[in-house]
Amino acid sequence: MIHPVSDIPTVWRIIGASVTGTSHLARGLGCQDAHGIRHLAKEVTVIAVADGAGSAGRASEGSELAVKSSLDSLCASLENVPDLPDTSLADALRGALIAARTSLTEMAGAEEDDADAGHASDSLDQFATTLILVVLAKRWLGIAQVGDGAAVVRDAEGSLQVLTIPSSGEYLNETFFLTSPDYLQKSHIRVWPLSADALAVMSDGVQVLAINYADNTAHAPFFEPIFRFASNAHTSEDELRSFLESPKVCAHTDDDKTLVVAIRTDGTVLS
Amino acid sequence: MSDLQNVEFVNADPRCACVLLLDTSGSMRGAPIDALNQGLRTLQTELQADELAARRVEVAIVTFGYNGVQVVQEFVTAGQFSAPTLQSGGDTPMGHAINVALDLVRARKETYRSNGVPYYQPWVFMITDGGPTDTWDSAAQRVKEEEAKKGLAFFAVGVAGANMPTLSQIAVRQPLLLDGLRFVDLFVWLSQSQRRVSGSKVGEQTALPPAGWTSV
């Protein structure tokens, strides 16, 4: 989990948590979800959420590395570009996906180079992970998505919009990974004019609680209390973490859970 | 009171459908059918001990042998599953039974889709101590087609005396031989496998190593 160490005043209050799912605890697996949040400027914030594949031997390293390298790439692309046009934002997101994938192939390749030194060589698949990136920029909101998970915003009218595209697979646990050969073709990159005052990004362990799979809509009784909670400056990430680890949540999902919530604090909702 | 206590969840448990396709032919009489029945009771207990599995796993049972081919249990949520006591007799209309099982899976998926219920890849789990006494070519063909398009995962388990070469022609996945009559261990493994489904991705959800109940 990467947190901004920064004095940049920001218009977004963001809290996030990744917790190990009960099925992973039962199997002695650590948490394979990862997330990161960075503030680049007063009105520019980037978020990454990654979910490592259960069967991948080094999934937690894959998700952590994907988060770090994608955020590094976004920071490099977006820093000092105050009024980014939407096309540049889409390019920056695409570059971030490529950077994330490259970091995994380099890791896998380095392992193979070490094979002589007695280290086991790991193929790229060992680091399989999904990745969702969100950029909140001054006038734009951009999303890049490889695999499952979801992002939801509350728009100017107070309605909830699901920004991510559901998996096209037949099964709930069917998805693509950053390590899939055709990951770019299967990725979705979209940019909209920013008109949200609240945003939630989640891995599929939370998606199953909060999104109606039948029509890819957001379940308001989930998000409204979550947004109220995050709007309260006195609430903490520890509380969010406890909530995700609570028996109430674990009774409905045993997967790893990541939830990042962002609330606009300056009272501005752009049209 | 924290706002988090007011959070409510979507009311749709994703489903994992599992058809048990069980040989109840005459050769299962005595210790084998008793052990199989004990195994089914164990499956019920294991699934119902897990809150999530009790809501997500759906069990159907098709038998072949006693009374020909019977749907002893239509799909029921594991929480409501009550293990039947099976009897033995008759020959082994396995081909017909496989077709019935595949039809059940297809119909269940349509029900899920028309109700907007998300679901995992269904399983068909066949246990036999012999080989088919009816024609089975079309059944085997359907199994191959379904596996090829990843429509379901079909497992075959042979009890001592089973015609393993024929099972290898029916199931795409290598059939496994049960160690003695260790049905209880087999069903414990099955329930644990089903409980793990949600944390795994398709393609790996069924690559679970069988342990403790196969004879090597």
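Taking 7 Å steps out from each Cα toward its Cβ at B:D34 and A:T87 produces label points 8.0 nm apart. Pairing chains B and A buries close to 3100 square angstrom of accessible surface in total, based on protein heavy atoms and a 1.4 angstrom probe. For chain B, a Gaussian network of Cα nodes joined below 10 Å ranks B:L20, B:L52, B:L43 by mean-square fluctuation, and the top entry is B:L52. Each 20 Å bin from zero holds the following percent of Cα-Cα pairs in the protein assembly as shown: 23, 48, 24, 5. The mean number of partner chain beta-carbon atoms within 10 angstrom of a residue's beta-carbon across peptide A:234-241 is 1. Over all directions, the projected convex hull of the C-alpha atoms in the range B:1-67 averages 6.2 nm² in area. Subtracting the Cα-Cα distance of A:S55 and A:I165 from their residue separation scaled by 0.36 nm leaves 37.2 nm. Taking only the alpha carbons of the range A:174-271, we obtain Rg and Dmax values of 15.6, 45 Å in that order. The 3J(HN,Hα) values that the Karplus relation (6.51, -1.76, 1.60; θ = phi - 60°) gives for the range B:132-143 are, in residue order, x, 9, 10, 6, 9, 4, 5, 4, 4, 5, 5, 4 Hz. Gly and Pro appear as x.
Taking only protein heavy atoms and a 1.4 Å probe, the accessible area of chain A is 50% carbon and sulfur. Highest mean first, the peptides A:255-261, A:72-78, A:41-47 sorted by other C-beta atoms within 10 Å per residue fall in the order A:255-261, A:41-47, A:72-78.
Per residue of B:77-90, other chain Cβ atoms within 10 Å of the residue Cβ number 0 on average. In this structure the amide hydrogen of B:V57, modeled in the peptide plane, comes within under 5 Å of the amide hydrogens of B:C16, B:A78, none closer than 5 places in sequence on its chain. Checked against a 25 Å cut-off, the cross-linked pairs A:K138/A:K186; A:K186/B:K149; A:K186/B:K150; B:K109/B:K149 give Cα-Cα distances beyond that limit for A:K138/A:K186.
Wrap a convex hull around the Cα atoms of the range A:8-112, take a quarter of its surface area, and give that in square nanometres.
Details: hull surface 31.4 nm².
With every direction weighted equally, the projected area is 7.8 nm².
Which part of the range A:139-172 falls in the paramagnetic zone of A:H188, meaning amide N under 12 Å from the point 7 Å along Cα-to-beta-carbon? Answer for the range A:139-172: A:143-152, A:162-169.
Its Cα centre serving as origin, chain A has a Cβ charge dipole (Lys and Arg +1, Asp and Glu -1) of approximately 880 debye. Put simply, the amide H of B:T214, placed in the peptide plane, has neighbours under 5 Å in B:D179, leaving out anything fewer than 5 places away on its chain. Farthest toward the positive end of the dipole of chain B, out of B:V172, B:V72, B:V19, is the Cα of B:V172, where the dipole comes from beta carbon charges about the Cα centre.
Given 4 °C and 1.567 mPa s, how large is the Stokes-Einstein diffusion coefficient of chain A in µm²/s, with Rh as the Kirkwood radius over Cα pairs?
Calculated translational D: 70 µm²/s.
Out of the range A:54-104, which GluC sites (Glu not before Pro) are coil in DSSP terms and have no more than 16 other C-beta atoms within 10 Å?
Passing sites in the range A:54-104 are A:E79.
Which log10 I(q)/I(0) values does chain B give at q = 0.07, 0.12, 0.17 Å⁻¹ under the Debye formula, counting every alpha carbon as one identical point scatterer? So the normalised log intensities are -0.21, -0.59, -1.21.
In a simple Cβ point-charge model (Lys, Arg +1; Asp, Glu -1; nothing else charged), the range B:1-98 has a dipole of about 300 debye relative to its Cα centre. Taking the DSSP bridge list for chain B and keeping only pairs wholly inside it, about 25 percent are antiparallel.
Contact residues in the range B:29-70 (at least 40 Å² less accessible area with all protein chains than alone, 1.4 Å probe): B:L52.
Where the alpha-carbon atoms of the range B:61-189 are placed on the principal axes, they occupy 44, 32, 28 Å, in descending order. Pairwise Cα separations in the range A:130-238 fall into 10 Å bins from 0 onward with the following percentages, short to long: 13, 44, 34, 9, 0. Only the Cβ atoms of Lys and Arg (+1) and of Asp and Glu (-1) were treated as charged; on that basis the dipole of chain B about its Cα centre amounts to roughly 340 debye. Restricting to Cα pairs below 8 Å that are 6+ residues apart, what does the relative contact order work out to for the range B:35-108? Please round to a whole percent. Here the relative contact order equals 31 percent. A crude spin-label estimate for the pair A:A214 and B:N115, with each label 7 Å from Cα along the Cβ direction, gives 1.0 nm. In summary, the lysines within cross-link reach of A:K248, defined as a Cα separation below 28 angstrom excluding same-chain residues under 8 places away, comprise A:K257, B:K201. Taken residue by residue and averaged, Cβ atoms of other chains lying within 10 Å of the Cβ of B:6-19 number 6.
Report note on the peptides A:153-160, A:205-212: ranked by the mean count of other C-beta atoms within 10 Å, highest first, their order is A:205-212, A:153-160.
Descending by average beta-carbon neighbour count within 10 Å, the peptides A:227-239, B:157-169, A:133-145 line up as A:133-145, B:157-169, A:227-239, the highest first. Across all directions, the average projected area of the convex hull around the alpha carbons of the range A:16-61 is 3.6 nm². Taking all protein chains into account, the per residue accessible area for the range A:213-261 stands at 40 Å² (1.4 Å probe).
Determine the percent antiparallel among the DSSP beta bridges restricted to the protein assembly as shown, to the nearest 5.
70
Ranking A:T164, A:G142, A:I132 by how far each Cα lies toward the positive end of the dipole of the range A:131-179 (charges on Cβ) leaves A:G142 at the top.
The values are calculated or read from the model by the stated rules, or taken from the named source; none is laboratory data. The shown structure was predicted, so the numbers you read here are calculated from the model rather than taken from an experiment. Heads up, the Cβs are rebuilt from the backbone with ideal geometry, glycines too, and the neighbour counts pull from every protein chain shown. Side chains included, ligands, DNA and RNA excluded: accessible areas come from the protein's heavy atoms. Shrake-Rupley method; radii C 1.70, N 1.55, O 1.52, S 1.80 Å.
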